[in-house]
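First the structure, in the form of structure tokens, and then the observations on it.
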Amino acid sequence: MSEWTECLNFGVSLCKQTGDVILSAFQQQKEVTLKSSPADLVTETDQRVEKLLISAISSRFPQHRFIGEESVAAGERLQLTDSPTWIIDPIDGTVNFVHRFPFVAISIAFTVNKQLEFGIVYSCVDDKLFTAQRGRGAFLNGAPLHASGQEDVSRCVVVTEIGAERDDLALSTLTSNICRLLQLPVHGVRALGTAAVDMVQVAVGGADVYYHVGMHCWDIAAATIIVQEAGGVVMDTDGSVFDMMSRRVLAASSAIVARRIAEVIRAFPCRRDDEETAGSGV
Ligand code: IPD
């Protein structure tokens, strides 16, 4: 067993347990609080699930560190160090959760020396567990995953998100990107409302491209290693090397398709995740 397999297995069992917490709250009326914008929401369940996860992991692995969406929103410093670190989004797709749109996921990534060692995306409503460990492949409910390998951009299904940004530059960039993709043309553009579940569609082979500007590291860290282990590629939206803190990501079935998409899409400026954020409620 690899050094980190015990952590992966523990993370999987916690996802199943806290997935039940999310499911039991899913049909209930939720109390919603706004964070960075009128479309950036948090509920009591997001906070509760993050606390449950961090408390269980800290009891078992007291030396490990955490980057958690709701802890950072509450003012904790976001700093990725060389220590073993769990990067947690307790509910990816909080807007979906609030509206009962049935795509929500727990996303947990684990890094050591700033390198991704494993990722877990648990899509609770449809009980789909996506996992990957570095060098050991990617799996959906235990069955191996393979990206499509598509190299012809005009045959691609592209997944993306509009996100929580509502300023003019972000909106014009996001909408003009979609127009240019449709003019390429690609076969279709889709959005499920959860970055993690969107991105793993490239690992499944149901989509050939996923790109996103403005998301955070906890939205896509786990899905990054799942796509890579399924044979897909992950880079910056401008075609350069992927940087988990940059708030830009482009995943694809092949390097050829990724580079072609990178020529077409543009990014709007976003503050990096690891810029000083203490107390700012990201
Ligand atoms: C959000 C979702 C959404 C994406 C946003 C994310 P959250 O995460 O992944 O699909 O468009 O950029 O912030 O807030 O639901 O964890």
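FYI, it's all coordinate maths here, none of it is from the lab. Every value quoted in this text rests on a predicted model; they were computed, and no experiment measured them. Cβ atoms come from the backbone with ideal geometry, glycine included; neighbour counts cover every protein chain shown.
Can you list the lysines whose alpha carbon is less than 19 Å from that of residue 51, not counting same-chain residues fewer than 8 positions off?
Candidates past the 8-residue exclusion: 16, 30, 35.
For residue 29 paired with residue 183, estimate the spin-label separation in nm (one decimal), with each label point 7 Å from Cα along the Cα-to-Cβ line.
Result for the modelled spin labels: 4.8 nm.
Which net charge results for the neighbourhood of residue 163, defined as the other residues with beta-carbon distances under 13 angstrom from its beta-carbon, given Lys and Arg at +1 and Asp and Glu at -1?
With Lys, Arg at +1 and Asp, Glu at -1, the net is -3.
Mind checking the full-extension length gain between residue 2 and residue 76? Use 0.36 nm per residue of separation minus the Cα-Cα distance, one decimal, nm.
Net length gain for the segment: 23.5 nm.
First select every other residue whose beta carbon is under 11 angstrom from the beta carbon of residue 68; then total the charges, Lys and Arg +1, Asp and Glu -1.
Result for the local shell: -4.
Tell me, 260, 155 in order of fewest to most beta-carbon neighbours within 10 Å?
155, 260
Compute, for the chain, the length of the dipole vector about the Cα centre, with Cβ point charges of +1 (Lys, Arg) and -1 (Asp, Glu) only. Units Debye, rounded to 20.
Using Cβ point charges on Lys, Arg, Asp and Glu, the chain gives about 300 debye.
In the stretch 212-282, which GluC sites (Glu not before Pro) are in a loop and have at most 13 other Cβ atoms within 10 Å, using DSSP for the loop call?
Details: sites: 229, 263, 275, 276; in loops: 275, 276.
Answer in residue order: 275, 276.
Over the stretch 85-218, calculate the relative contact order: mean separation of alpha carbon pairs under 8 Å at least 6 apart, over the residue count, as a percent.
Details: 245 pairs, mean separation 33.8, N = 134.
Across the stretch 85-218, relative contact order equals 25 percent.
Could you check how many percent of all C-alpha pairs in the stretch 153-275 are farther apart than 18 Å?
Of all Cα-Cα pairs in the stretch 153-275, 44 percent lie more than 18 Å apart.
Using only Cα positions of the stretch 1-117, each an equal point scatterer, no hydration layer, compute I(q)/I(0) via Debye at q = 0.13, 0.24 Å⁻¹ and quote the log10 values to two decimals.
Rounded to two decimals, the profile gives -0.51, -1.43.
Taking the alpha-carbon set of the chain, what are its Rg and Dmax in Å?
Considering the chain through its Cα atoms, Rg and Dmax are 17.5, 52 Å.
In the chain, which whole DSSP H runs stretch at least 30 Å along their own axis (Cα) and average -1.0 or higher on the Kyte-Doolittle scale?
5-26
Lys and Arg at +1, Asp and Glu at -1: add these up for the other residues within a Cβ distance under 11 Å of residue 152 and post the number.
On the way: positive: 155, 260; negative: 151, 208.
With Lys, Arg at +1 and Asp, Glu at -1, the net is 0.
Pick out, in residue order, every one of the GluC sites (Glu not before Pro) in the stretch 1-68 that is DSSP loop and has at most 11 other C-beta atoms within 10 Å; say none if there are none.
Here the GluC sites (Glu not before Pro) that fit, given the DSSP loop and packing criteria, are 3, 31.
Just to confirm my numbers, what's the Cα centroid distance between the stretch 216-282 and the stretch 130-180 in Å?
Taking the Cα centre of each part, the stretch 216-282 and the stretch 130-180 sit 10 Å apart.
So for 4, 218, fewest C-beta neighbours within 10 Å to most, what's the order?
Fewest-to-most Cβ neighbours within 10 Å comes out as 4, 218.
Loop only per DSSP, at most 15 neighbouring Cβ atoms within 10 Å: give me the trypsin sites (Lys or Arg not before Pro) in the stretch 57-140, ordered by residue number.
Answer in residue order: 77, 100, 114, 136.
Counting helices only, and only those DSSP H runs with n ≥ 4, report the 222 nm mean residue ellipticity of the chain as the sum of -39,500 (n - 2.57) divided by its residues, in deg cm²/dmol to the nearest 500. The partial results should precede the final answer.
Working: 8 runs with 99 residues, N = 282.
When only DSSP H runs of four or more count, the value is -11000 deg cm²/dmol.
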